[in-house]
């Protein structure tokens, strides 16, 4: 094998940064070194055969540029700045979390726990610390663990969990109140003072102070058992178990309270995952995997990983970082990270067990990533065969219509790229040219507008999915032709109606059918068909996006009542409970409005006049 085109003859034995460049001058890779010449010499394997450690350096690296610095720490900082500036393809780029999962309680009459991400929080933040007029709890291990923990907490302390848009317009208690998971403040079934007591109980549990709540639940369980009310006793027992699981789900507790990060690496080919367990104040504060691609050996890879995780103040560096392999130039990294940080490679003991746990998580994340990638490839290939496409569709758009009894018709378009949601391609539409409830005409208008823009911008998808059956698909096909996107493949996706046998028993059949252009009968997809699962995921996302938009628009409508002098939240709820919608309130007579509790004749006349001037759009 021939010698590389880049030379190291004039490179000094000093600290600094090196940049590999291609023929066009583009930066391929940026590295740092305590002694530049020794580091570049190490890229060539021993034995004098001229082979290179990294394949890209042999194939495309035309030259190497070096920048000398005064100290190793300066080299580390300069490397980080150059990677940010040039974004070289062969440096790892962690898909970083950049934030922490927290729970927030806002200062309002009936607060609920909200999932938030706090950017660069202090990891030693005490649970329940106030930030402004809100309280933050966390950070927590993962979204899944957090949701499970919150589900257990609601069994103990029945706070509301509905969004404000639903809470403000609810006229009767939901099913969660019926099963004991919500105290129903939306319809006045609990006072503000009693609800505040529940909030303080929940806050105490999240702070780890469960003695009072535990004693209360245990006392109720024993009292019910003594009265031989065993079903009630079992219910209190279940709530007591939920309380204890809530605390357990908040993290792993090591024997000491030393702050440390535990980093483990799993690799397969050029795919790699680093899993980070962050322990603060004796508990697990964060658990996250970072995915990237690299061909560097482990000893050198850790340089890039640690720089990406802790460089430029991205996150607080703990006093101890536990690694699976000692990085090259360990002293340089410890110096750059700052005193008193130590890099530790344990061989046994509790640190080793923590490292094994992190490695299991890294291997699991890597396997999951590989299986998801394989499944997505399979699903796209099956979808291509189903739709008679030449190759798997890279970009898929899906349209959905949302309305309420023909009012405020809106639509959504979601875009999936390579089997994943591409939110930059999401679009919302207000249907403008259709009167009343006509889903077919609405679909035609929205698809025509979207595709006409796509034709103009040369941004058409490879496949369009319509949420609906044959008639919806026909409307979308007509819109496609009007927009001039004649060759764009389109399919409809609709749930099948169950059929009954003569005896009345339900006949089992596929719930999803695909409608194709020019094919009379729809194609039924099996329950576990990869193409079906992908289409359902895309369709459900389009439905979610449309519903969210529609709820927002409905919220804007009800605000017309709030704008009327003398109509507050209570009177607005009373009007909507009586008439059902703003449109029906507008149609009511003054006498009908005045008959609502709290609405007198004078206010009724004012409401009638105000809504007559502002008709519901």
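Data overview
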| item | result |
| --- | --- |
| Among beta bridges that DSSP assigns inside the stretch 260-368, antiparallel share in %, nearest 5 | 75 |
| The stretch 395-538: antiparallel DSSP beta bridges as a percent of all, rounded to 5 | 75 |
| Cβ-based exposure ranking for 228, 490, in which fewest neighbours within 10 Å come first | 228, 490 |
| P(r) weight above 17 Å for the stretch 260-368, C-alpha pairs, percent | 50 |
| Fewest-first sequence of 447, 455 by Cβ atoms within 10 Å of each Cβ | 455, 447 |
| Separation between Cα centres of the stretch 365-383 and the stretch 519-544, rounded to whole Å | 17 |
| Dmax and Rg, reported as Rg then Dmax, of the stretch 395-538 (C-alpha, Å) | 16.0, 57 |
| Cα→Cβ-extended label distance, 7 Å offset, between residue 214 and residue 86, nm | 5.7 |
| Exposure proxy ranking, count of Cβ atoms within 10 Å, fewest first, for 69, 548, 307 | 548, 69, 307 |
| Rounded if a/c under 1.5, otherwise prolate or oblate - the stretch 563-613, Cα gyration tensor axes | rounded |
| Whole-Å semi-axes of the ellipsoid equivalent to the stretch 356-469 (Cα gyration tensor, √5λ, descending) | 35, 18, 13 |
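No lab work stands behind these numbers, since they all come straight from the coordinates. Nothing here was measured: the structure is a model prediction, and the numbers come from that model. In this analysis, Cβ positions are derived from the backbone assuming ideal geometry, glycine residues included, and neighbour counts consider all displayed protein chains.
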